[in-house]
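What follows is a set of notes on a single structure, which appears directly below.
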Amino acid sequence: MKSSIALAALAATLAAPAVFASPELAQKKNCMACHATDKKLVGPSYKDVAAKYAKDKDAVAKLADKIVKGGSGVWGPVPMPANAQVNADEAKQLAQWVLTVK
């Protein structure tokens, strides 16, 4: 019985399409044109973003919103444009990934 439940759970996991945020997704969505993991380009490094929002319990939602809608004033005078290539789920995944960058 236990093995059949475990097997069913494994099958469901494998059947579900999973998109994991990563540097590859950030590259695909043109995020890396302005950001790098460890240095400032046009925008802040992901390492700096992760450090700034490390203790913010609403960080994923805030960052996902900025990814989709853009923003200004947080990191200086250069605004971050909205990214029309990113849907809400991808923005959330990207925000979660950014917060893991060390």
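General remarks:
- Candidates in region 49-102 are the residues that are of a type in the set (Asp, Glu) and surrounded by fewer than 19 Cβ atoms within 10 Å (Cβ to Cβ); of these, the one that is nearest to ALA33 (Cα to Cα) is ASP65.
- Counted residues, region 20-37 - those being farther than 17 Å from LYS92 by Cα and either in a helix (DSSP H, G or I) or in contact (Cβ under 8 Å) with a residue 60 or more places away in the chain (or both): 2
- Some residue of region 75-89 being modelled with pLDDT of 95 or more, out of contact with any Leu (no Cβ under 8 Å at 6 or more places or on another chain) and charged (D, E, K, R): yes
- Matching residues in region 44-102 - criterion: being over 19 Å from SER22 (Cα atoms), outside any loop (DSSP other than H, G, I, E, B) and in contact (Cβ under 8 Å) with a residue 12 or more places away in the chain: LYS69, MET80
- Residue count for region 20-42, restricted to those that are loosely packed, with under 15 Cβ neighbours inside 10 Å and either aromatic (Phe, Trp, Tyr) or over 21 Å from PRO77 (Cα atoms) (or both): 6.
The values are calculated or read from the model by the stated rules, or taken from the named source; none is laboratory data. As the structure is a computational prediction, the values presented were derived from the model and not from experiment. When we count neighbours, we look across all protein chains shown, and the Cβ atoms used for this are built from the backbone with ideal geometry, even at glycine.
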